[in-house]
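See below for the structure under consideration.
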Amino acid sequence: MEVAHVEQRERELTAIGTQLGAAYELRYQLEPELLRLELVGRGSLDVRLDGADFFDVGWSPLFNSLPVVRDRLLEPGPARDYVMRWVDVPSLQVTESKQRYEPLGDLRVRFRSEGFTADIQFDENAFVIDYPGIARRA
């Protein structure tokens, strides 16, 4: 489960959120160039973009909204390739992830990364409604 308080400034999001897994609680604060993470009872980590396009956090549908909002991927257009600063949860291991977002129309975007593909359904504000196998908005 994830709860996030999000603020949109033009085509950029900031957020404060909490993700609850079966055996962990992750708190985060998202700024344009900095992601602050706290794995409750296990430590914290600050992650900078360092040239990546966006942050991406495991099991969090919010982070899939970042390129969709900035690059207006709910509008017709070509697929876009990104380099993400990927944070694995709950290990908090940070790596680079190459991802592709392809606008499909009807508020859907096809997401591809390293052999994984999902057609994600968004609302009109570019927030995830349904990410098959990962999350569904309550």
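The values are calculated or read from the model by the stated rules, or taken from the named source; none is laboratory data. If you're wondering where the values come from, they're calculated on a predicted model, not measured in any experiment. Please note: Cβ atoms are built from the backbone with ideal geometry, for glycine as well, and neighbour counts cover all protein chains shown. Ligands, DNA and RNA are excluded from the accessible area calculation, which covers all protein heavy atoms including side chains. Shrake-Rupley method; radii C 1.70, N 1.55, O 1.52, S 1.80 Å.
Using the beta-carbon distance between Thr117 and Thr14 and R0 = 22 Å, what value does 1/(1 + (r/R0)^6) give for FRET efficiency, to the nearest 0.05? Efficiency computed from Cβ-Cβ geometry: 0.15. When peptides 57-66, 23-32 are ranked by their average number of other Cβ atoms within 10 Å per residue, the highest-first order is 57-66, 23-32. Charges were assigned to the Cβ only: +1 to each Lys and Arg, -1 to each Asp and Glu. The resulting dipole of the chain about its Cα centre is roughly 160 debye. With unit charges on the beta carbons (Lys and Arg positive, Asp and Glu negative) and the dipole taken about the Cα centre of the chain, which residue among Tyr28, Ser65, Gln93 sits farthest to the positive side? The one lying farthest along the dipole's positive direction is Gln93. Reducing region 89-138 and region 1-60 to their Cα centroids gives an inter-centroid distance of 16 Å. Overall size of the chain from C-alpha positions, given as principal axis extents largest first: 44, 34, 33 Å.
Can you pull the percent of the chain's accessible area that's carbon plus sulfur, 1.4 Å probe, other chains left in place? The C+S portion of the solvent-accessible surface of the chain is 46 percent. For region 79-138, the solvent-accessible area of protein heavy atoms averages 57 Å² per residue (probe radius 1.4 Å; ligands and nucleic acids excluded).
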